[in-house]
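Everything on this sheet refers to the single structure shown next.
The values are calculated or read from the model by the stated rules, or taken from the named source; none is laboratory data. Predicted model, so just to flag it, every value in this text is computed and none were measured. Every residue, glycine as well, gets a Cβ built from its backbone with ideal geometry; the counts of neighbours run over all protein chains shown. Protein only, heavy atoms only, side chains kept; ligands, DNA and RNA dropped before computing areas. Shrake-Rupley method; radii C 1.70, N 1.55, O 1.52, S 1.80 Å.
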Amino acid sequence: ICVMEKQVLESSEERTFQYQDSLPSLPVPPLDESLSKYLDSVKPFLNQKEYQRTEDIVKKFENGIGKELHQKLLERAKTRRNWLEDWWVNVAYLDLRISTQIHCNMGGAGPYIEHCWPPKEGTQIERACVSIWHTLKYWDLLRAEKVAIDRSGDAVLDMNQFRMLFCTCKIPGVTRDSIGSYFKTETEGECPSHLIVLCRGRVFTFDAIHEGNMVTPPEIFRQLTYIQKRCHSEPDGPGLAALTSNERTKWAELREYLIDLDPKNLTLLEKIQRSLFVVCLDDSSPHATPEDYTEVTRLALTGDPTVRWGDKSYNSVIFSNGICSAFCDHSPFDAMALITMLSYAEKKILENEGKWKGSDKVRDIPWPEELVFTVDQKIINEIGRAKELYYKKVFDLQLVNYAFTSFGKALIKKKKLHPDTFVQLALQLAYYKCHGRPGCCYETAMTRRFYHGRTETIRTCTMEAVEWCKSMLDPSDSTYQRLQLMHKAFAKHNKMRKDCENGKGFDRHLLGLLLIAQEQGLPVPELYVDNAFTASGGGGNFILSTSLTGYTRFNGSTVPMVDHGYGFFYSIRDDRIVVTCNSWKSCPETDAEMLCRTAFQCFQDMLQLTVAAQL
């Protein structure tokens, strides 16, 4: 009976990917609903006359070409479980020709300095091997399909993005990049099991499995120490990884050139592409405190390009003082998949107080192998040029990462307010205070309750939010008026979030209609060239690019979407709100430090409102 019970128990356990085939298809919302929501979203940015004009354009679109395009989109959706998927990855990521390492990748700091790993010189390798080992255990769980399925309430969420955490790499193309993903579950077959280590311009590899068993932290320690000793006693390598920071077409051409130079180079590039993930041993020693992660986050996102493989889906960066961070290509997944994995590792690291408590036995495993590329003077020069361009661009980034510690999720929820909406509205008020006008804003909503769903745009800058901001800045308005308007703005935002998560947003729908027109060789409909479209953020013109990175200790960031814009990313914990805010120094109007400080002041102001209301 025990054996039978055990079998029943085991088979009743959910497998990570078991519901993939039963997830609902991504819906196409009704055209009239999408257009009505779009019209609503442009109001804050237009005067009466402009709005009238846009309304006419939208009506004309709805009864004319829009109707045809919508029908064609519905046709497309009939034959696909996710009508957006391949379009989105191409348009949002793979078709881009700018440096995606700078403009698209995401990076952030690990929170270990707050508990078991305060910054300390000489800890780089020992911490790296504990961190790597827990990440490898997660890979093992994922291959066995034992990673818990994410849910939103009772709804099962799509888990496909988790496959991309490992053995995944973007490959540059002359006109469009592609994604190579080599991960397989145990039932699907063999999966690559080697790691890549970047150190001082050199590239090494070693296998994470030896004779059927995972390498242990003491074994990883031996491998990393060997690599570090060699790198510190021998000349630096050429720093080939810096080429991944080039503009895409340039990198694609140089990659072809490398392969023509020596076919062995292709074998080495494929070795990097197929690897589990990349370990970056970074010589920097950033300063960090639990209240100020600025330097770590800046280096995570824009550090030494010779020790980051920009196209790899996961680079685990360990600085010389033992601080950890992550740097990822954004095309194969959104941040929540990564944060779920990192939170798992953090939990395990904490349980073991940051130490390895297993056996110290080290098997006789093969030493790491160096991947030595054949390079010529042209490649050497190109690496130098890539580094120069990279540093010139990233030096222009102003970035702060501060913790607001007066209160957090606990108090906000006690006031019966949604924590995410709370931060978004504070940001709207802060932008209004700093710039004297509404700021069009992109907040990420996830559509993972649908097959291969990724994101939808919540347009945070609503008329309700603007009315409330004006009231907050109008000394003649009463607390009661402000509070009423704030509650209206909250309700509006909460409804939009819910709509977006349920496939009832409109930005992806509008994108789909535009892409159908392009595929059919039709002229771009007037709706998309109307000033209101761009002014409200359409076509990637959002001044505020924002995202909640969850209710965890992890926080990360990407750079602003536009030259005169901001990136604003935040994690909300019980007792604090941690914000990363960035902008470009070359834009005289924007100031990331000021926006962040003003947002913190707005958090206080909003809380004051709720307190005053109770008096």
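Structure values in brief
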item: Cα long-axis angle, helix 592-614 against the chain (0 to 90 degrees, to the nearest 10); result: 60
item: Between 0 and 90°, nearest 10: helix 248-261 axis offset from the chain longest Cα axis; result: 20
item: Kirkwood Rh in Å, taken over the range 105-214 so that all alpha-carbon pairs contribute; result: 17.0
item: Candidate values (i) 1.11; (ii) 2.81; (iii) 0.99, label of the one derived for Cα Rg over 2.2 N^0.38 Å; result: (iii)
item: Whole-angstrom gap from the range 518-578 to the range 194-216, using each part's C-alpha centre; result: 37
item: Computed over the range 485-614, Kirkwood Rh from alpha-carbon pairs, angstrom; result: 17.5
item: Karplus-derived HN-Hα couplings along the range 533-539 (A = 6.51, B = -1.76, C = 1.60, θ = phi - 60°), whole Hz, x at Gly and Pro; result: 4, 6, 4, 8, x, x, x
item: Average accessible area per residue (Å²) across the range 281-363 - probe 1.4 Å, nucleic acids and ligands excluded; result: 31
item: Rounded tilt (10° steps) of 335-351 against the dominant C-alpha axis of the chain; result: 50
item: Compactness of the range 359-466, expressed as Rg and Dmax over alpha-carbon positions, Å; result: 24.4, 67
item: Between the range 260-299 and the range 367-400, the Cα center-to-center distance that results, in Å; result: 12
item: The range 514-615: GluC sites (Glu not before Pro) falling in loop per DSSP and having at most 15 other Cβ within 10 Å; result: Glu589
item: Convex hull volume per residue in cubic angstrom - Cα atoms of the range 226-296; result: 159
item: Coil-residue trypsin sites (Lys or Arg not before Pro) of the range 330-367, DSSP, other Cβ within 10 Å capped at 12; result: Lys355, Lys357, Lys361, Arg363
item: Cross-link pairs Lys120/Lys361; Lys184/Lys271; Lys415/Lys504; Lys37/Lys492; Lys170/Lys393; Lys433/Lys470 - those with Cα-Cα distance over 20 Å; result: Lys120/Lys361; Lys415/Lys504; Lys170/Lys393
item: Taking only Cα atoms of the range 462-559, radius of gyration then Dmax in Å; result: 17.9, 55
item: Carbon/sulfur fraction of accessible area - the chain, other protein chains in place, 1.4 Å, %; result: 53
